[in-house]
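The values are calculated or read from the model by the stated rules, or taken from the named source; none is laboratory data. What you are looking at is a predicted structure, and each value in this text was computed from that prediction instead of being measured. Note that each Cβ is placed from the backbone with ideal geometry, even for glycine, and that neighbours are counted across all protein chains shown.
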Amino acid sequence: MHYIYLIRERNTDKVVYVGETIRPWTRWIQHLTKQGNFNREEHYMDVSDELIFLNKKEVLEYEFELQKFYGFETQREKNARGGKIGITKINHTLSGLAATKIQYICPHCNKIGNGPVMFNWHFDRCRFIK
């Protein structure tokens, strides 16, 4: 099951983040520790029992609608604006030499993957194309 969650400010109830996850409370801990944008004193996570989806496509579509409703830039808009078709990543081999691999991001489903396999199943052929 996939959940939609909102992160709100405690004082004003203003929505500051909209997200999707399988494990809401684990994701909340990640927001508090790794990303560092939120803290427990000023923010709280709102997970509704009514916003539970069984497949990824439905939850992503609803997440995009909520992001637009609250005035946030969606991941699709970020990808289109930034032209993030390829991101360079450096992997170190056993001999110590660096080999460059290009990771591609599908603008329709936000899937990240390496090389030609992405072009077989994503971009113009993605199942999330409207």
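Worth pointing out:
- Pick from segment 2-36, criterion over 25 Å from Glu61 (Cα atoms) and not aliphatic (A, V, I, L, M), ranking: surrounded by the most Cβ atoms within 10 Å (Cβ to Cβ): Arg10
- Segment 74-117 - residue that is on the phi > 0 side of the Ramachandran plot and part of a loop (DSSP other than H, G, I, E, B) and, of those, modelled with the highest pLDDT: Asn110
- Lys14 being at pLDDT below 85 and among the charged types (D, E, K, R): no
- Of the residues making up segment 32-73, those that are outside any strand (DSSP E or B) and either hydroxyl-bearing (Ser, Thr, Tyr) or touching a residue at least 60 places away in the same chain (Cβ under 8 Å) (or both) number 6.
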